[in-house]
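What follows is a single structure, written as structure tokens, with notes after it.
Any read-out appearing in this document is the output of simple, stated calculations on the displayed coordinates, not a laboratory observation. No experiment lies behind these values; they were computed from the predicted model shown. Here Cβ is always computed from backbone atoms with ideal geometry, including for glycine, and neighbour counts include all displayed protein chains.
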């Protein structure tokens, strides 16, 4: 089974309710100011939250991360907890139970200038995309990955709108028949390490231990990543949050990538198969734990 590693192929339907610029409106009636800094400078941050059976999954962690992102770029005047309330209202208005919610906060509109006008007020945009319910026993997704140079800015811990490098890398991966591009960063100290995927975190199984890049400025601390690591520690598995080389990754027993929407087993990296070339036992166990976290809230 193959699938996109992120599952983020979605957009609001024109007839769906969205929240934009302080009002609930139909998506077809929402629009952006031509002076919007989110468009001209990519000046904004975002979150993606899944809803299952009407419940926002791990929403406290998403709200906390949005708060960190806003603070990191000095984008003031927004309470992320309010976005949760707006998102819940969109679920009610659209009459959906299972959906992906997109939360976006931009700096707002001002005449184009590199200097931010202190009087500029943020623009908040939220939309939903309905999806099929998750059911117990859903098989783990599998697919190939390629390596790509990590040329993003040095604040990848901020979930910002600056997504062009990631988009270009994912496009190259897709055209090569892969589901994800795994990024490798040449760091200032001369080392070179795997950081993350274009929209996923990367976890390798090396000699029975889970290895993933530490949650520093080089990666986004994923919500699903944190929950899987919490689960691994709770059941007594070894976890090493440390940098790893591309050579270590390719020689790993298993590799998986995870995001808000799913866990995906990486079966090969470039021309190198990972382990037996199929989802391994640790990946399957983590996928099962993730499904239990999601499906456990259904009702």
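Using just the helices of the chain, give the 222 nm mean residue ellipticity in deg cm²/dmol: DSSP H runs with n ≥ 4 each add -39,500 (n - 2.57), and the total is spread over all residues, rounded to 500.
Values: 7 runs with 77 residues, N = 299.
Rounded to the nearest 500, it is -8000 deg cm²/dmol.
Rounded to two decimals, what is Rg over Rh for segment 141-295 when you use alpha-carbon atoms and the Kirkwood radius?
0.93
Length gain on complete extension for the stretch residue 76 to residue 171, per 0.36 nm per residue less the alpha carbon to alpha carbon distance?
Full extension from residue 76 to residue 171 adds 30.9 nm.
Starting from the 7 Å offset along Cα-to-Cβ, what nm value, one decimal, do you get for the label separation of residue 27 and residue 288?
3.6 nm
Sort largest first and round to whole Å: the equivalent ellipsoid semi-axes of the chain, each the square root of five times a Cα gyration tensor eigenvalue. List each step's numbers first, then the result.
Values: eigenvalues 207, 110, 56 Å².
Listed largest to smallest, the semi-axes of the chain are 32, 23, 17 Å.
How do the peptides 137-146, 228-237, 257-266 rank, highest first, by the average count of neighbouring beta carbon atoms within 10 Å per residue?
Most protected by this proxy first, the peptides run 257-266, 137-146, 228-237.
For a quick protection proxy, order the peptides 151-158, 12-19 by their average other-Cβ count within 10 Å, most packed first.
12-19, 151-158
So how much slack lies between residue 131 and residue 34, counting 0.36 nm per residue of separation and subtracting their Cα-Cα distance, in nm?
Once the chain is fully extended between residue 131 and residue 34, it gains 31.8 nm.
Express in nm, to one decimal, how much length is gained between residue 271 and residue 216 on full extension, taking 0.36 nm for each residue of separation and deducting their alpha carbon distance.
Gain on extension, residue 271 to residue 216, equals 16.8 nm.
Seen from all sides and averaged, what is the projected area of the convex hull of the Cα atoms in segment 1-111, in nm²?
Here the figure is 8.2 nm², rounded to one decimal.
Would you kindly give the portion of the calculated P(r) for segment 63-206 that falls above 27 Å, as a percent of all Cα pairs?
When every Cα pair of segment 63-206 is considered, 41 percent fall beyond 27 Å.
Using 1/(1 + (r/R0)^6) with R0 = 35 angstrom and r between the beta carbons of residue 209 and residue 97, what's the FRET efficiency to the nearest 0.05? Let's see the in-between values first.
Numbers: r = 38 Å, r/R0 = 1.09.
E between residue 209 and residue 97, to the nearest 0.05, is 0.35.
Debye calculation, C-alpha points only, no solvent: report log10 I(q)/I(0) for segment 81-142 at q = 0.14, 0.18, 0.21, 0.24 Å⁻¹, in the same order as the q values.
For segment 81-142 at q = 0.14, 0.18, 0.21, 0.24 Å⁻¹, log10 I(q)/I(0) is -0.61, -0.77, -0.88, -0.98.
Would you calculate the separation in nanometres between label points at residue 191 and residue 113, each defined as 7 Å from the Cα along the Cα-to-beta-carbon direction?
4.3 nm
Using the beta-carbon distance between residue 121 and residue 67 and R0 = 25 Å, what value does 1/(1 + (r/R0)^6) give for FRET efficiency, to the nearest 0.05?
Between residue 121 and residue 67 the formula returns 0.85.
Would you report the distance distribution of C-alpha pairs in segment 250-299 as whole percents per 10 angstrom bin, up to the bin with the largest distance?
26, 45, 21, 6, 1
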